[in-house]
1. For N44, which of the numbered conditions (1) modelled with pLDDT of 95 or more; (2) surrounded by 20 or more Cβ atoms within 10 Å (Cβ to Cβ); (3) more than 15 Å from the chain's Cα centre (by Cα) fails to hold?
2. Taking only the range 161-180 into account, find how many residues are β-branched (V, I, T) and either touching a residue at least 24 places away in the same chain (Cβ under 8 Å) or not assigned by TED's automatic domain parsing to the domain that holds H150 (or both).
3. From the list D152, D139, D166, D121, which one is buried (at least 16 other Cβ atoms within 10 Å of the Cβ) and within 23 Å of A57 (Cα to Cα)?
4. Say we look at the range 100-152 and pick out the residues that are assigned to a helix (DSSP H, G or I) and among the basic types (K, R); which of these is farthest from A46 (Cα to Cα)?
5. List every residue pair whose Cβ atoms sit under 9 Å apart, with the two residues 6 or more apart in sequence or on different chains, where the first one lies in the range 72-83 and is touching a residue at least 60 places away in the same chain (Cβ under 8 Å) and the second, anywhere, is among the polar types (S, T, N, Q) and buried (at least 16 other Cβ atoms within 10 Å of the Cβ).
6. State all residues of the range 169-197 that are buried (at least 17 other Cβ atoms within 10 Å of the Cβ) and more than 23 Å from K109 (Cα to Cα); if no residue qualifies, say none.
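The values are calculated or read from the model by the stated rules, or taken from the named source; none is laboratory data. Given the structure is predicted, the values throughout are model-derived calculations rather than measurements. Reconstructed Cβ throughout: ideal geometry from the backbone, glycine too, with neighbour counts over all protein chains shown.
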Amino acid sequence: MKKSINSQILNFKVLLILLISITIVSCSNSQKGEDTKEIAEEHNDAKFEDNDKEKDAQFLVNAAEINLEEISLGQLAQKNGNTADLKELGKMMEAGHTKSLSELTLLAKQKLITIPTSSTDDAQESHKKMDKKSLENFDKEYCDKMVKSHKDAISLFEKASTESTDSDIKAWATLTLQELRTHLDHALTCQQKLEKM
């Protein structure tokens, strides 16, 4: 009888440990598996019913994703770049987009808009792809990516600078356009120099 009780206690302990382990694993998996952009979008969808406010929130979410990606890629360019020009471009991207993200974070807080605070799944994937580029091709690939991503960002910010119904968001988008155009000019210059090499 004593053996049976000890056996039951042991079985209970094993079962309890197993249940705790499963709970911990499932909780950590669900947190790891969620994209920070999707989480921000879900929060904003729950907060805003007004279509204009939803559009403004989506713009800020997209702008945060752009900044987070450019910061990450700028750091990578400083590490993996082969030329001084490219490393300088990466440094400029990191500094400029860090400043922009800081301004954006304050603006989003003021407007009660949730934005991603860490790299989104797409930004992480972009970083991984660029990190896998061979060192010989890295500079060209980075410049090409900066040209394309900044053309896309300028288009997004131009739309917000004219269509946003929030005067603060409109003003920030307009102001940020100047920096994005400067970044694009530097990326184009870097791209042209690499083509001549």
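1. (1)
2. Number of matching residues: 3.
3. From the options D152, D139, D166, D121, the qualifying one is D166.
4. Top of the filtered list is K140.
5. Going by the 9 Å Cβ cut-off, the qualifying pairs are L73/S126; L73/S149.
6. Passing the criteria: H183, L184, H186, A187, C190, Q191, L194.
Each row is one residue, and each column tells you yes or no for (1) buried (at least 16 other Cβ atoms within 10 Å of the Cβ); (2) modelled with pLDDT of 90 or more; (3) more than 26 Å from L188 (Cα to Cα).
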residue	(1), (2), (3)
K53	yes, yes, yes
N62	yes, yes, no
K87	yes, yes, no
K91	no, yes, no
L104	yes, yes, no
T114	yes, yes, yes
